[in-house]
Amino acid sequence: MTAPLTDFSRLCIHTITTKPWALETATARFAAAGVKGITVWRQALEGRDPAAAGRAIRAQGLEIVSLCRGGFFPATTAAGRIAAIDDNRRCIDEAAALGAPLIVLVCGAVPGQSLAESRKQITEGIAAVLPHAAAARVKLAIEPLHPMYAADRSAVNTMAQARAICRELGSPGVGIAADVYHIWWDDNLEAEIAASGREGSLFAFHVCDWRTPTTDLLNDRGLMGEGCIPLRQIRGWVEAAGFRGFNEVEIFSNRLWASDQDQFLRDIQAAYLAHC
Ligand code: ZN
C-alpha cells in the first residue's frame, strides 16, 4: 500500500486549475502556501514576456514543471498541418524562454478523419518539431486523452498508443504525460505505466478526480477525493515505475472556478495529503 504524501515538496499546480487568478496572483499564492511546482498554461502568458515571467516565477521559489500545451497536429489539409507545426515551434520557443523543460501535447483529432490517419499525422508532426525542441532543450510529453475526446481533441487515447508513438519516434526527447482523468479506466494501466517507466518515457503525472455524473465533458473535473479514481494506487504504480517528479494538480471545473480561489487552494492542499 502506497504511503500518503506528507508534505508539498512534490506538489505542482497548473495555472488553469485556478483560472480566475492571473499568473502573478497564482504564483504568489502558490509560493505563500508552500507549493513547489507550477505548470503554466499558454493563455496565462498572454501579453507577457515569457522570459520575464519565468524569472518572476523562479524568484518566488517555484519550479516551472511544464508548459501546457502544444499539439493539435492533425488537419485535413497540408496547410493546416503546416500551421500546426509552426504553432508548436512557437510553443517550444515560449517554453525555452519561460524556462519550462517540458511541453504537454494534446495531440489533436479531426472529426471524420480516421483515428489511424490522425495518429499518423500526430507522429509526423512531432517528428517535424523534434529537432527544434532538442535544440531548445525542451522535451515533449504526449498526453493520452480519455476516449470521449477521440473525435476532436486527441486520437491518442491510451498509454499503449502513446508508447507506440514514442517507440516509433525513438527519441529521448519524447515521452508521456500520464493524467489519471484520462487513463484510470484502462485495465492494462499498471502494466502500461511500468512499461513506460522501463522505456524511459514517463515524463509527467497529472491528478484530479472523475465525478459521477460528469455534467460537462471538459469542465467538470473533480478535486481529488470527489470521485472514483484510485489516486493513491495509481501514484504507487507511477512511483514503482521509477517516476520521481511532481504530482501535478490539473482541474478544469466551472464549479470550482466560480468558488473562492483562496479556499480552493486550501482544499487542494488538504485533498492532496488525504487522497493522492
Ligand atoms: Zn493533464
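For the pair THR25 and ARG55, the difference between a 0.36 nm per residue extended length and the Cα-Cα distance amounts to 9.3 nm.
Rounded to the nearest 20 Debye, what is the dipole magnitude of the chain about its Cα centre when Lys and Arg each give +1 and Asp and Glu each give -1 at the C-beta? Dipole magnitude for the chain comes out near 500 debye.
Give me the net charge of ASP86's neighbourhood, meaning all other residues with Cβ under 15 Å from the Cβ of ASP86; Lys, Arg count +1, Asp, Glu -1. Walk me through the intermediate numbers first.
Details: positive: ARG42, ARG81, ARG89, ARG90; negative: ASP87, ASP93, GLU94, GLU124.
Net of charged neighbours comes to 0.
Cα centroid separation, segment 177-223 to segment 242-276: 15 Å. Of interest is the spacing of the C-alpha centroids, which for segment 84-129 and segment 154-169 amounts to 13 Å. Assuming charge only on the beta carbon of Lys and Arg (+1) and of Asp and Glu (-1), the dipole of segment 217-275 about its Cα centre is about 200 debye to the nearest 20.
When segment 11-275 is described by a simple charge dipole with +1 on each Lys and Arg Cβ and -1 on each Asp and Glu Cβ, the residue from LEU256, ALA95, GLY236 located farthest towards its positive end is ALA95. Modelled spin-label separation between TRP185 and THR214, with each label point placed 7 Å from Cα along the Cα-to-Cβ direction: 0.7 nm. The length gained on full extension between ASP7 and GLU124, counted as 0.36 nm times the residue separation minus their Cα-Cα distance, comes to 38.0 nm. GNM remark for the chain: springs join alpha carbons under 10 Å apart, and the peak mean-square fluctuation among PHE243, PHE203, PHE264 falls on PHE264.
Given +1 at the Cβ of Lys and Arg, -1 at the Cβ of Asp and Glu and no other charges, the dipole of segment 1-143 around its Cα centre is 180 debye to the nearest 20. With the convex hull constructed from alpha-carbon coordinates only, segment 40-175 shows a mean projected area of 8.2 nm² over all directions.
What's the whole-number percent of alpha carbon pairs in the chain lying beyond 34 angstrom?
Numbers: 4835 of 37950 pairs.
For the chain, the share of Cα pairs beyond 34 Å comes to 13 percent.
Extension gain for the segment GLU168 to ALA150, taken as residue separation times 0.36 nm less the Cα-Cα distance, is 4.4 nm to one decimal. Every helix of 4 or more DSSP H residues in the chain counts as -39500 (n - 2.57), and over all residues that averages to -13000 deg cm²/dmol at 222 nm.
Every number here is computed from the coordinates shown, using simple stated rules; none is lab data. Please read these numbers as outputs of a predicted model, since none were measured by experiment. As a convention, Cβ positions derive from the backbone with ideal geometry for all residues, glycine included, and neighbour counts pool all protein chains shown.
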